[in-house]
Structure formats: C-alpha cells, structure tokens
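*Asks:* First the structure, then my questions, so here it is.
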Amino acid sequence: MNITQLKTHIIRYVSGTDFSRGLILAISIVSVVSAGYYLNMMPIGVGMAIGSFLVAPGDVPGNFRHRLLGMLSAVFLGVSVTIIGGLLNFNFWLELPIFFVVFFSVAFISVYGFRASLVTFTGLIASVLSFSSLGGDDIFLHALYIALGGLWYIILSSIYLLLRPEKHTEVLLGETASLTGKFLSIRAKLAEDVDREQYLTEQFNLQISINELHENLREALLSSRQKSGRSNSSRRQILIFIELVDILELGIAHPVNFQKVDELNKEFPELIVALKKLILEMGRRLNHISEVFIDGNRLTITNKTAQLIKEVEQLIETYKKTEEYPQSRPTVLLMRNLLDFEKKQHQKILSIERVLGNIKQRDAVNVKLKRPDQFLTPTDYSFKILAENFSLSSTIFRHSLRLAILMVLGLILGHVFDLQNSYWILLTVVVIMRPNYGLTKERTKKRIIGTLIGGVVAIGIVLLVNDPYIYIILAVISLITAFSMLQKNYVGAAAFITLNVVFLYALLQPNALNVIQYRVLDTLVGAGLAFLGNKFILPTWEHIAIENTLANVIEKNINYLKEIEQFYNKKGRLTNAYKLARKEAFLAMGNLSAAFQRTSQEPKSKQKEYSHLYRYTVLNYTFLSSLASLGSFIRSHKTTEASVYFESYIAHILENLNDTLTQLNKSPEKIKAKDKSLSDVDKYLNKQYSKLDHLRNKELEEGKEEISLPLRVQMQEAQLISEQLKWLHQVSLNLKNVNSKATYERLF
C-alpha cells in the first residue's frame, strides 16, 4: 500500500458512518463522565456512561422509526435487567436459577431478527455489568442514570442524523457499487477454465454481502416514512439502486454455460480475452462510482468501455469473415448475445453516471414505484413467533438455552475460584457466542488474537508511560477505534477494547500489569466456554436444517421461472410480481450460499453430505444465472409470441424441480400438463431456427451482407431462448440426480 492509498484509506475510515458512531459514543461517555468528575457526581457520570454504552450497539441505520424504537427498547431492557441484577443479592446459589431464566429470556428476544438481536445484546451486557459493582448502593437511582445516559446518546445520534441525513445511504450505495464491481471481476475470471471452484465460492460469499446491502438500501430508500418526504436527491438514489440491482442480474446472467464458453475459448481465444477486459473495465467503473459516493471524489467520465465494446465488435466481424458461413452462424449469435449483455451493463453504468453527475440538482425526477412496501422484508413481532420457536427444533431456542447454561457456568467458575473481575468471562461469552458453531469458532479465534495483541501493546505502553492524561487520551482514542471496527474488523476491535480497558484501570489502580494479566486470562476462559459450549451443549449443525434451505431456493427459482414465463407470454410492462420473485430468488440463493459457508467451517465429522451440498449450491446458482439470462433477454428485446412448445419446455423443467422438492421431503405445487414431449419441442425449436437460417441465406443471396435488424433479433432470440431452455432443463435434471458426481462433472 503506497502513501496515496494509505491516505485514501484513512480519509474513508474517518469520514465513514462506523467512525461517526464511535465518535458519538465517545462524546456521550466523555461528556457525562467529565461533568460528573468536575461536579463531584461520579455515580451519575458512570451510570450515564453505562447507559450510552448499552444503547450504542442498537444504533444501526435504516427506517428512522425502527431505529428509534430499537434504541428505546434497548434502554428499557437495559434498565430492567440492571434492576433485576441489583436486587438479586441475597444468596448466590439460590440466585442462579433466576439468572438462568433472565439470561434465556433476554437471549430469546433475538428470534425477532437482526434489530432485536442488538436489543438482546444490550440486555445481556446490562445483566453482566450488574455484577461489576459500578452502580453504588441505590440500584434504582443507578438504573435512572443508565436510562438518562441512553437517552443522551439517542439525542446526540439523532442530531448527527439530522446534520448528515444521507451519509449512510451514500455509503451503502458506494459499498454496493464496489462489491458489484468485484462481482463482475470474478465473473470475468470465470470465463477462464482455471480455479472455477475457488471463484464460484468467492462469488457465493460476495452475493451474501450484496444481498445484505440491497436489503439495507431497500429499508433506507423505500420505507413509508421516507416516501412521505422524499427529496429529489433520494429519488435519484433510488434510480441508482435500481440500476445496481439490474447490473447484478446481468452479471449473474453471463457467462452461464461454461462448456460453451470453453469451446469458444478454444476456437477463438481473442474474443474471450477481449470480453474479459471489457468486464474488468466495467468493474473498475463501478469501483470509481463507489469512490464518488464514499470518498466524495469527483466523477470522471471515460470512453474506454465504449472502445473495448468496439474492439469486441471488430473481433466478431473478423471471425465472420475468416470462418465458413453459414456453419459459423450459431457461434456468431452466441458471441453477439454475450456482447449484448455487456452492452446492457454498460448502459446501466452510464445511467448511474448521468444520475450521479446531477444528484444534487433541483430538477424533478419521477420515480414510479407501485407498492414499494412490497419490496421491504417485514418482521413479524407477534407473540406467535415466540411460540413457534419455543422448541428444540429452533436454532434460536437452542442458542438461548446454551447461552444461559454457559453464563451460569461462568458465574459458578468466578464464584468458586474467586476470580478478580470474573464478569469479564461473561462479557466474553456474550460477545463471542453465535447461534452456530462456525461463526462462534471464527469469532473465538479473532477475540483471542485481538486480546493478545492488545495485551502486548498495552504492556509496552504501560511500561514506557506513566502519565494519567495520556492514559485518558489513549482510552478515548481506543474506544472510538474499537467501536468503529466492531462490524468489519473484529481482531482490531478486540485489540482496542483491551487497550481501552487497560488504560481505564490504569487510571484507577497502580498495578496495570495485573489488569492485563486478568484480562487475557478471563478472555481465554470465556472464549473456551463459548467454543466448547457451541460444540457440545445442544449444538446446531447445518446439515440438520439444510433441506429447508435447499427447498426454499428451489421454490423461489420456480416462482421466478413462472414469472419469466408469464412475462414472455403477456409482454408489456414489468410487474412488481416479477421483481419480487427475482428479489426473493436472489435472497434465497444468498441464504444457501451462507449455509454452505457455515458448513465448511464445521468439524469434518459434522460436514455430512458436504460434496452433495456443494453440488446443490453450484447447480442452484447456475439455474438462477440461467433464469437471469433468460429474463434479462426477454425484458430488453421485442420478442415473438410464445408458443405451446415454449410452455411445454417450461413444464418439463418444472417437473424436474418438483421431483427435486419431493426428494427433499416437500410437497410441490401441481404443474400444468405437458402438451408436447421434449423431443417434439426440440424438433420444433430446431425447425424454427432453420426457417430463420433460411431467411438469412436468402438475404445473402440478395447481396445483403449486413443482416437486417429484425432478423438478427429473431435469430438471437431463437438461439438464446432455445439454448437457455435446454440448459435449464439439463440443470434441473442434474438437481434431481445431484447424487451423481459423474453427471455433475459432465455438466461443468
């Protein structure tokens, strides 16, 4: 990393929303502690600082109302748990069952989703801090101070939001553009017959992250509250978001059939090289767009992409002239279809650049969105969700029980061995524990590494420096840095949390080295409890619930295919039902990719049917890619009337998918009867293509070297739709026979 890149990285970090939240937390804590110190009211200052600290994790962007209610819920739960913990001070062994119920109940709230899990985190931290003796004698006054501190943080955070209302959305759009650019870059590498398995895995992981960003952007841009007062700038941001979603769909769509691409690469490698350059350049354009959003860089326009498109067109013309015609016609059509998809992506990027160049202008921008609330993923907060998950079949129920058991075990260890600051063990368990083994294992490793790094650095500073003012400055800096790194760099966050704790204790007691020793020891004990607990206490293994995830992907792909079929039959404007089916298919695929990723992190003995799961994941992803290719072509071209043969092919594909669902112990919906056999359909499609081929030959006989545009579009339609239908059928057949490794390898 050179100096310019380092400077850019630092500026991006300091101007980011994560750093801003860390700064708000530091201001809220330092202000109340300083006021408490100078007014000789430290109990108030400490209580309010704890309140700010408890509410801060729930300060995640999104719908303003949801954000506010989430933080207020965190205040209420934090205060309630603090009072309960403070009142339970009569007999340690008699208190344990009560603490078990409290820990379980608080953890079980996370069944309501991501925002609820942050409220849960606050409640668990508050319950742990109730053992720290930081609140003085009057527990109710301490709880009041915590509530005031939480409200103080909410006020500061809301002021920041009013001052920079669009910053978070801009960062989300920038991150989405950046990851979409990376996605295209990986897609370009997939055109080469090298390390495809590695690139596919990278692509799965990228799509998980992109799906999360899309969901966050939908909430930020399409929520009803923002719709009622949407600015021109917001409407332009919606346009950019729509284009980014379409770019992802086009990116997923090509290349799909790697066998065809490999054949083309052997026959005409220059074209694949040129296409790869073109895709990589579009990835770079998206990365530049992300810099405009995140770093505030000036948008620069180049015509390099257009030049690369011309180069590909020239290569296609060269191929036409050098190869025998009409034998080379199918290959030329394949080339043109590949180029058409890249041209559409180029147009989408140009649209983003045009909107981005005028994003602050006052001229009206009309964005017609029918029922935008349909695109938001709702959260059901009814009691029924608790009831449905109150069983050992629920991952969250098992996690809550496991966490409660480990927390009680941590309390017993601290009590029996009389450990100093034993509540650090509980804090470590709360921070590390996740519902599944893979994430907990990864977080345990990062926590230990970060704590050891922080401990080593802290020893060096404590031995060299003995100035309380420097400790205060370093404590504040480490607090801001730790909180801003929490989501994206957990090793760094753990290191700076350790530094913060050491510097704070160094201000209160002379022997800071002992603090470091206990900090590292308690972290190791807590991490060990979390890791072993997830492995041996009511463990949740992915293979147990993977059938539901697989079935969900296939069901969503079926819905997407049906919407494509309906659109091809009816033409007209794209419906919300189509867009929703596409969104749900992408999200379901992301969930399957995440499940596959978690499976790969589990012990080898628990990775049951791992190879089958990998094949399922790749086949489903390939099927979705082919659907995206088919849908994109039909949407962007004036297509001919759909025939009964098209519908019959779809029926054959749906039959294979339904058979796959039956194998996964699901009851699929009935499909309409197939009017034609597959061989009849193939004969019809070949006959239709031959008719078009004859028309082109007739044009050539008449001296028309350049194919007429209507005929070119019809030939491209015949080539692409027939190829995609055959490919979809082949993939659906392989999904039904996924246990056959030989069949899978023939396909790829």
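One line per residue, one yes/no per condition, for (1) in a loop (DSSP other than H, G, I, E, B); (2) closer than 30 Å to Leu172 by Cα; (3) out of contact with any helix residue (DSSP H, G or I) (no Cβ under 9 Å at 6 or more places or on another chain):
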residue: Ile252; (1), (2), (3): no, yes, no
residue: Glu263; (1), (2), (3): no, no, no
residue: Asn287; (1), (2), (3): no, yes, no
residue: Asn297; (1), (2), (3): yes, yes, no
residue: Leu308; (1), (2), (3): no, yes, no
residue: Leu315; (1), (2), (3): no, no, no
residue: Glu324; (1), (2), (3): yes, no, yes
residue: Leu333; (1), (2), (3): no, no, no
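*Asks:* Which is modelled with pLDDT under 90 and closer than 21 Å to Asn216 by Cα, of Phe121, Phe64, Phe131, Phe90?
*Replies:* Criteria check complete, one pass: Phe64.
*Asks:* Of everything in region 272-323, what is among the acidic types (Asp, Glu) and in contact (Cβ under 8 Å) with a residue 12 or more places away in the chain? Give them in sequence order.
*Replies:* Passing the criteria: Glu281, Glu291, Asp295, Glu311, Glu313.
A quick yes/no check of all residues on (1) surrounded by fewer than 19 Cβ atoms within 10 Å (Cβ to Cβ); (2) assigned to a helix (DSSP H, G or I); (3) in contact with a strand residue (DSSP E or B) (Cβ under 8 Å, 6 or more places away or on another chain):
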| position | (1), (2), (3) |
| --- | --- |
| Glu563 | no, yes, no |
| Asn569 | yes, yes, no |
| Leu574 | yes, no, no |
| Ser605 | yes, yes, no |
| Arg615 | no, yes, no |
| Phe623 | no, yes, no |
| Ala628 | no, yes, no |
| Gly631 | no, yes, no |
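*Asks:* Among the residues in region 417-426, are any acidic (Asp, Glu) and in contact (Cβ under 8 Å) with a residue 24 or more places away in the chain? Full working, then the answer.
*Replies:* Keep residues of region 417-426 that are acidic (Asp, Glu), which gives 418.
From what is left, the residues that are in contact (Cβ under 8 Å) with a residue 24 or more places away in the chain are none.
No, the conditions are met nowhere in region 417-426.
*Asks:* Scanning for something under 16 Å from Ile50 (Cα atoms), crowded, with 24+ Cβ neighbours inside 10 Å and in the same structural domain as Ser28 (by TED's automatic domain parsing), does region 106-119 turn up at least one residue?
*Replies:* The answer is yes, given that some residue of region 106-119 is under 16 Å from Ile50 (Cα atoms), crowded, with 24+ Cβ neighbours inside 10 Å and in the same structural domain as Ser28 (by TED's automatic domain parsing).
*Asks:* Which residue pairs have Cβ atoms under 7 Å apart, sit 6 or more places apart or on different chains, and have a first residue in region 624-647 that is outside the structural domain of Leu248 (by TED's automatic domain parsing) and within 16 Å of Gln716 (Cβ to Cβ) and a second that is among the acidic types (Asp, Glu) and assigned to a helix (DSSP H, G or I)?
*Replies:* The qualifying pairs are Ser632/Glu249; His637/Glu717; Thr639/Glu717; Thr640/Glu717.
*Asks:* For Glu555, state whether it is of a type in the set (D, E, K, R), under 23 Å from Asn211 (Cβ atoms) and either in the same structural domain as Tyr469 (by TED's automatic domain parsing) or surrounded by 16 or more Cβ atoms within 10 Å (Cβ to Cβ) (or both).
*Replies:* So Glu555 fits the description; yes.
*Asks:* Within region 470-481, is even one residue under 24 Å from Thr440 (Cα atoms) and either in contact with an Asp or Glu (Cβ under 9 Å, 6 or more places away or on another chain) or not basic (Lys, Arg) (or both)?
*Replies:* yes
The values are calculated or read from the model by the stated rules, or taken from the named source; none is laboratory data. In this text the structure is predicted, and so the values were computed from the model without any measurement. Heads up, the Cβs are rebuilt from the backbone with ideal geometry, glycines too, and the neighbour counts pull from every protein chain shown.
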